[in-house]
Every structure is written in C-alpha cells, then in structure tokens.
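Read through the structure below, which is laid out as structure tokens, and then see the notes.
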Amino acid sequence: MTGTEGIQYNDAEEGRRFRPLGERMFCMNGNGLSAEQKERYSRQIRMPEIGEAGQAKLLASKVLIIGAGGLGSPAALYLAAAGVGTVGIADGDRVELSNLQRQILHGSSDIGRAKAASAADAMQRLDPELYAVSYELTADEENLPDLLAEYDFVLDCTDRHETKLLISDACVRAGKPLCTGSVAGFYGQVMTRVPGDGPCYRCIFGNAPAGPALDAKENGVLGAAAGIIGCIMAAEAVKYLTGAGELLTGSLLTCDLSEMRFEKIPMKRDRNCPACGKTNTEAEE
Ligand SMILES: [Zn+2]
C-alpha cells in the first residue's frame, strides 16, 4: 500500500483486510473552519440549510462510493468538491477508451490504469485536503462488511442487478444508509434507504432477473444521463450528512431525458422482504 499523505491505495493483492481510516482532523482552529476552508466552501456555507456547522459535518464525514464509472464519476467529483472529508471509492476495473464518454473522473492518459486509483487521484487534484481512499476490487459478499464498516453513507454506482442486491443487503445488515442509482440510454432511476425508513432495493427489485440493472450495454447510455443521476446521488449524501432537506426514502425517482420527464414514485416496504422485513433480526426500528 503506497500513496501520498492524502491518498490510501488498497489494491487487490492486499487481501481482504483494509487499513483503518483512523481519526483525521479536517477542521483546524479547534472546531472552526480555517480561512481557506471558509473561502473554498463559501457558496455552500451561505446556504442557510448548510452553514458553517453543516460544512464542518461534511469535513468530518466518510462516504463510500462503489463503482468509479458513469455514476461514480460525477458523484465522486461533487462530493470531493463539497468538502466531504473522506471519500472511499471501490472498483475492480481498469479504464478503457470507451469509458471516457461518460466516466469523467478519468482522462485519456488514465487508459489502462485501475479505475479506483485514477478516481482517488482525480479527487485529490480537486482538493488536496481531501482524504481519498481507493479500493481496487469488485464488491462481493465477503469484502462488503469490511468495506462498509467505517463509512457514514454509501453510494451504489454499480451497474449489475445482482451486485446491487448484495450491496443493499450488506447495508441493511450493517445499518448503513444507502443511495442506489442506475442508468441506461436516456433513462435513470435513483432511491435512498436509511435504516428503519423506507423500502430497501430488494423490496422493490428483489424479483428482477440477474444482469444489468438497466440495460446500458445493450442500449448504450447518454453520458449526461449518468451525470444527472450521479449528481442526485451526491446531493442525497450531502443532505443526509448535513440534515438538510428531504431524502428520497420511500420513493423511486425516475427520469427520462428523451422527454425531460421526472417522476417521484412512492414505494412501499415489503413486510416479508428477506433483507429488511419483520422476520429479519437487524437492529433497527
Ligand atoms: Zn427490503
């Protein structure tokens, strides 16, 4: 494991145990923000829903992004820019030429590099005070509990339905809030679940067939559609961490950019859901 002070790289050969994130101080001058932080985040601090207190919360927060592709790219850049103190990013793939049309974390010179490391570098370039943590791996049942353990909020930016179910189940078990996004063609969808509030991904999509959550390979994907859904996911993380606004819990937001149609569809929890239903023993509610 190597890296500059602000980056921790966890590669596949390191095995299943990750180096602990540790306690890092992002707010200098006691609990207050530094002059540089006040200036960097001034437009955000000016928002009454966030303010200096909200900014301090963001700086002390840890967000995990699973997937450094079309959704993970805008999400990671906006969270890094917003001053989330620690951003972890997990992806087992390498950057390919065909990714660059929408995966804006990576540039032409990153082709062939591990996406997770390229993503961490891009976030660090944006804000050198940020602690970027890269995990060069594909999330699976075995590594997810360890991966989630230290984070306050999780973004599922993966594209396969079965991976999304694994991530959702692991977050329910670990009591972690999760925002899940999917995109294909002009179409995107996103939902959030926090422990004890609203349906989980399995409640809604538990019976969907294995394969891509939305068929991006078959139908292609508009880069801007991934950008919109990824940005919504970043907004959900910022809202959760600062307590601002209302989250997308208990509903699925869908958008169809071909007609510019956005819909917020109410969704109910499945009481018999094998993940979050009443037969489950998770410590919530
Ligand atoms: Zn459920």
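Listing Y9, Y201 from fewest to most neighbouring C-beta atoms within 10 Å gives Y9, Y201. Dipole check for region 45-145: with +1 at the C-beta of Lys and Arg, -1 at the C-beta of Asp and Glu, and the Cα centre as origin, the magnitude is about 320 Debye.
List E96, E236 from most exposed to least, where exposure is judged by having the fewest other Cβ atoms within 10 Å.
Least to most surrounded, the residues fall as E96, E236.
Look at the alpha carbon pairs under 8 Å that are at least 6 residues apart: their mean separation over the length of the chain gives a relative contact order of 19 percent. Placing unit charges on the Cβ atoms only, positive for Lys and Arg and negative for Asp and Glu, gives the chain a dipole magnitude near 540 debye about its Cα centre. The sum of -39500 (n - 2.57) across all DSSP H runs of n ≥ 4, divided by the residue count of the chain, sets its helix-only mean residue ellipticity at 222 nm to -9000 deg cm²/dmol. What whole-number distance in Å separates the alpha-carbon centres of region 172-217 and region 85-115? Each part's Cα centre sits 22 Å from the other's. As a proxy for reagent exposure, I228, I111 were ordered by neighbouring Cβ count within 10 angstrom, fewest first; the result is I111, I228. In the chain, a dipole from Cβ-located charges (positive for Lys and Arg, negative for Asp and Glu) runs towards its positive end, and of G112, Y131, L252 it is L252 whose Cα lies farthest in that direction.
Readers should treat all values here as calculations from the given coordinates under stated rules, not as data from a laboratory. In this text, all values refer to a predicted model and were calculated from it rather than measured experimentally. Here the Cβ is made from the backbone with ideal geometry for all residues, glycine too, and neighbour counts use every protein chain on show.
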